[in-house]
Structures are given as structure tokens and as C-alpha cells.
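Peer 1: To start, I am sharing the structure in question, which I have written as C-alpha cells.
The values are calculated or read from the model by the stated rules, or taken from the named source; none is laboratory data. Just so it is clear, the model here is predicted, and its values are computed rather than measured. Counting neighbours? That spans all protein chains shown, and the Cβs are built from the backbone with ideal geometry, glycine included. Calculation scope for accessible area: heavy atoms of the full protein, side chains included, ligands and nucleic acids excluded. Shrake-Rupley method; radii C 1.70, N 1.55, O 1.52, S 1.80 Å.
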Amino acid sequence: SSNWYIAMCISIYIFGVFFHFTSDMQKFIQLHHNPNSLITDVMFAKIRNINYLGEFFIYLGFSLLAMNLLPIFALLFFIIIIWIPNMIRKDKSLSKYKDFEEYKNNTNSLFPFIW
């Protein structure tokens with residue numbers, strides 16, 4: 001594979017690591033200082049599951065680097081079978097907060113401006 005393709009895969013992976021770990025750190029810090037609160041700002045301002053988006057980019061970078069469709073299908077299968085039900089459960093859990101419906105209406109679940 002060409003150098004630009006390898007660089008693209010590595011860049012996708014790096015963005016994934018950034019999104020995943022910085023969103024987890026924001027969640028940890030905010031819940032430490034403000035327990036039992038809904039996190040709706042910074043990394044969670046537009047996407048409710050930014051950590052899943054980070055994981056998606058991590059696995060997508062690896063899957064694309066394999067240059068085979070099987071890892072892509074495995075990733076899609078994993079998203080459909082595990083992540084989407086977990087995101088639905090998370091939304092149900094967060095619905096106990098009075099501001100959740102407004103937050104849900106103003107954000108996307110996984111991909112910005114898409115879903």
C-alpha cells in the first residue's frame with residue numbers, strides 16, 4: 001500500500017485515540033466534581049457517544065490498514081450488535097435527567113450531523 005494510505009489509516013487511528021480518551025477524561029473529571037449530572041458540553045456538545053466515535057476511528061484505522069473487507073464487516077457487525085443497543089440503553093438511563101430530552105434533540109448519537 002502507498003504511503004498516503006498508511007498515513008491516512010494512522011491519522012484515523014490517532015483521531016480515534018484522541019476522541020476516545022479525552023472524552024473519557026472529561027467524563028471522569030466532570031462526574032468527579034459534579035456527580036449525578038448530565039454532561040452536555042465540550043466534547044459531548046454535539047455527540048452523545050463521542051467515546052464510541054473514538055473507538056470507531058481506532059478500529060476503522062486498523063480495519064482499513066488490513067486492506068480487506070472482512071475487518072470492516074466485523075466492525076459493522078460489532079456496531080450493530082453491541083454498540084447501538086448500548087447507546088439505546090445509555091439514552092434510557094440518561095432520560096432520568098430533566099434536561100435530557102432537550103440535550104437529545106440538540107445532539108446526534110454517534111456521527112456529527114448524521115445520526
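Peer 1: Do the sum for the chain: with -39,500 (n - 2.57) for every DSSP H run of n ≥ 4, divided by all residues, what is the mean residue ellipticity at 222 nm, to the nearest 500 deg cm²/dmol? Let's see the in-between values first.
Peer 2: Working: 5 runs with 76 residues, N = 115.
When only DSSP H runs of four or more count, the value is -21500 deg cm²/dmol.
Peer 1: The chain: percent of C-alpha pairs farther apart than 25 Å?
Peer 2: The calculated P(r) of the chain puts 28 percent of pairs beyond 25 Å.
Peer 1: How large is the accessible surface per residue of the chain, computed with a 1.4 Å probe and reported in Å² as a whole number?
Peer 2: Working: 7560 Å² over 115 residues.
Normalised by residue count, the accessible surface of the chain is 66 Å².
Peer 1: Give the relative contact order (percent, whole number) for the stretch 35-115; include only Cα pairs under 8 Å separated by 6+ residues. Present the calculation step by step, with values, prior to reporting the outcome.
Peer 2: Numbers: 46 pairs, mean separation 41.8, N = 81.
Relative contact order here is 52 percent.
Peer 1: About the Cα centre of the chain, how large is the charge dipole given +1 on each Lys and Arg Cβ and -1 on each Asp and Glu Cβ? Please answer in debye to the nearest 20.
Peer 2: Values: 9 positive and 7 negative charges, 48 e Å.
It comes to approximately 240 debye.
Peer 1: Just add up the charged neighbours of LYS27: K/R +1, D/E -1, any other residue whose Cβ is under 13 Å from the Cβ of LYS27.
Peer 2: Values: positive: ARG48, LYS90; negative: ASP24, ASP41.
For residues surrounding LYS27, the net value is 0.
Peer 1: For ASN34 and ALA66 in the same chain, what is the full-extension length gain: residue separation times 0.36 nm, less their Cα-Cα distance, in nm?
Peer 2: Numbers: separation 32, 0.36 × 32 = 11.52 nm, distance 4.22 nm.
Full extension from ASN34 to ALA66 adds 7.3 nm.
Peer 1: Taking only complete DSSP H runs, can you tell me which helices of the chain stretch 30 Å or more along their own long axis by Cα positions and average at least 0.0 on the Kyte-Doolittle scale? Before the final figure, lay out the partial values.
Peer 2: Details: long enough: 3-33 (44 Å, 0.61).
Qualifying helices: 3-33.
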